[in-house]
Amino acid sequence: MTRRRIFSGARPTGRQHIGNYLGALQNWVKLQDKYECIYCIVDIHALTSLEDTKQLQGNIHEMILDWLAVGLDPEKSILFVQSHVPQVMELHTLLSMITPLGWLLRVPTFKEKVKLQPNNVNYGLVGYPVLQTSDIALYKAEVVPVGEDQLPHLELAREITRRFNSLFGYTFPEPQGKLTSYPMVVGLDGKDKMSKQAGNDIELALTPEETRKKIMTAFTDPARRYRTDAGHPEVCNVYKLMTYFDRLKTEGIAGQCRSAEIGCVDCKLALAEAINSELKPVREKRAELAADPKSIAAILNDGAKKARSIARKTLKEVKKNMGLI
Ligand code: TRP
Ligand code: SF4
């Protein structure tokens, strides 16, 4: 029986944090046993917002270390860097010919980027979802695990592949988005999604002590100004983070917070403890991998090689169907 194929990608943001771990990586690791998985560090997509490029190589390295440390396994999955398979840029150009500009101008992430970087609204930025569609379509992936924010891109990928199929004959499966069980993890400030940019994140590679310190800065229930004030766990960010860790029994904590039996410091210490014990093996594995950069390069080379062999076949079929050969 052939397994269904999954593709997912992430921009090279460097060291991964708890949000990446709970929101995506943990799920990606599990999917490896049921699907044929392809996971990609999308460095070309990163070029649509130019500030990152000096750190690009370093970020890719830190990111793949975390991916491997949490259990993405090159024996089971294809792990590679997007630009190592240049065929994706060819497919991007071809798909751009059948993508109405109106579809792209309506995408919410595009409108956000226009506001965020008004002086760099480049052509590539408009085409971002076409490149993302090419990532998926190049490998004929059927399932795409993503966070909520990516659903509009997935919808577009379905529309573009559908249009291609109706114009040139069936070529691509219509990719299905698959939301993870923790699609959006709030940051330590309790306001925004956990992200490096917002500075509200907990990196996986922190030491236990750094983890504790960072968690101590977290936002909790603003109504709890004194230790004797009754708390409201349902609005508390630390409580929310605690519920993600199975090893913490949060039902008891909620009651103790409401009756002011425990204070926020107790919760923060418990959260730090849960994170540190869950990440202990991850951190050990990361240190081992980091000591052997050659093996990291070999893993990425091998991943790119496997990816290219699929990509070449698809591209040939695409060109044939479009009448180019
Ligand atoms: N746009 C995605 C993000 O910002 C990254 C991405 C690029 C992706 N290509 C993909 C995700 C293909 C899923 C499938 O997170
Ligand atoms: Fe949140 Fe715990 Fe403080 Fe209650 S005691 S507000 S659950 S951190």
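The values are calculated or read from the model by the stated rules, or taken from the named source; none is laboratory data. Nothing here was measured: the structure is a model prediction, and the numbers come from that model. Heads up, the Cβs are rebuilt from the backbone with ideal geometry, glycines too, and the neighbour counts pull from every protein chain shown. In case anyone asks, the SASA skips ligands and DNA or RNA and just uses the protein heavy atoms, side chains included. Shrake-Rupley method; radii C 1.70, N 1.55, O 1.52, S 1.80 Å.
For the chain, find the longest principal axis of its Cα atoms and tell me its angle to the long axis of helix 87-96, 0 to 90°, nearest 10.
Tilt of helix 87-96: around 80 degrees.
Against the longest principal axis of the chain, how steep is helix 56-70, in degrees 0 to 90 to the nearest 10, with axes from Cα atoms?
It is inclined by approximately 70 degrees.
Quick check: pseudo-label points 7 Å beyond the Cα along Cα→Cβ at Tyr182 and Arg312, how many nm apart are they?
4.1
Among the listed pairs Lys285/Lys306; Lys76/Lys316; Lys54/Lys113; Lys111/Lys285, give every one whose C-alpha distance is greater than 29 Å. Walk me through the intermediate numbers first.
Details: Lys285/Lys306 25 Å; Lys76/Lys316 26 Å; Lys54/Lys113 20 Å; Lys111/Lys285 40 Å.
Long pairs (Cα-Cα over 29 Å): Lys111/Lys285.
Counting only protein heavy atoms and a 1.4 Å probe, tell me what percentage of the chain's accessible area is made up of carbon and sulfur. It would help to have the intermediate numbers written out before the result.
Values: 8770 of 16000 Å².
Carbon plus sulfur share of accessible area: 55 percent.
Suppose we keep just the DSSP beta bridges with both residues in the chain; what percent of those would be antiparallel, to 5?
Close to 10 percent.
Between Asp192 and Glu90, what is the label-to-label distance in nm when each label sits 7 Å out along the Cα-to-Cβ direction?
So the two model labels end up 3.9 nm from each other.
Report the full-extension gain for the segment Asn165 to Met322: residue separation times 0.36 nm, less the Cα-Cα distance, to one decimal in nm. All intermediate terms of the calculation are to be shown ahead of the outcome.
Values: separation 157, 0.36 × 157 = 56.52 nm, distance 1.03 nm.
Extra length from Asn165 to Met322 when fully extended: 55.5 nm.
Within region 219-316, which chymotrypsin sites (Phe, Trp or Tyr not before Pro) sit in a loop by DSSP and count at most 13 neighbouring Cβ atoms inside 10 Å? Walk me through the numbers on the way to the answer.
Numbers: sites: Phe219, Tyr226, Tyr239, Tyr244, Phe245; in loops: Phe219, Tyr226, Tyr244, Phe245.
Those that pass, being in a loop and sparsely packed, are Tyr226.
With the cut-off at 1.5 for a/c, could you classify region 46-87 from its C-alpha gyration tensor as rounded, prolate or oblate? Display every interim value, and only then the final one.
Details: a/c = 3.31, a/b = 1.53, b/c = 2.16.
Oblate.
Over all alpha-carbon pairs of the chain, lay out the pair-distance distribution in 20 Å bins, whole %, shortest bin first.
29, 53, 17, 1
Using Cα centres only, tell me the gap between region 221-243 and region 113-171 in whole Å.
40
Report, to the nearest 10°, how far helix 264-290 tilts away from the longest principal axis of the Cα atoms in the chain, using its own Cα long axis and a range of 0 to 90°.
With rounding to tens, the tilt is 40 degrees.
How would you rank 100-111, 133-144, highest first, on the average number of other Cβ atoms within 10 Å across their residues?
On the way: 100-111: 13.1, 133-144: 23.8.
Packing order, densest peptide first, comes out as 133-144, 100-111.
Collect residues whose amide H, placed 1.01 Å from N in the peptide plane, falls under 5 Å from the amide H of Gly9; neighbours closer than 5 in sequence don't count.
Cys40
Could you give me the radius of gyration and the Dmax of region 208-287, taking only the C-alpha atoms into account and expressing both in angstrom?
Rg, Dmax (Cα atoms, Å): 13.2, 43.
Using a Förster radius of 22 Å, what is the FRET efficiency between Lys285 and Leu50 based on their Cβ-Cβ separation? Nearest 0.05, please. Intermediate results must be reported in sequence, preceding the final value.
Values: r = 33 Å, r/R0 = 1.51.
Result of the calculation: an efficiency of 0.10.
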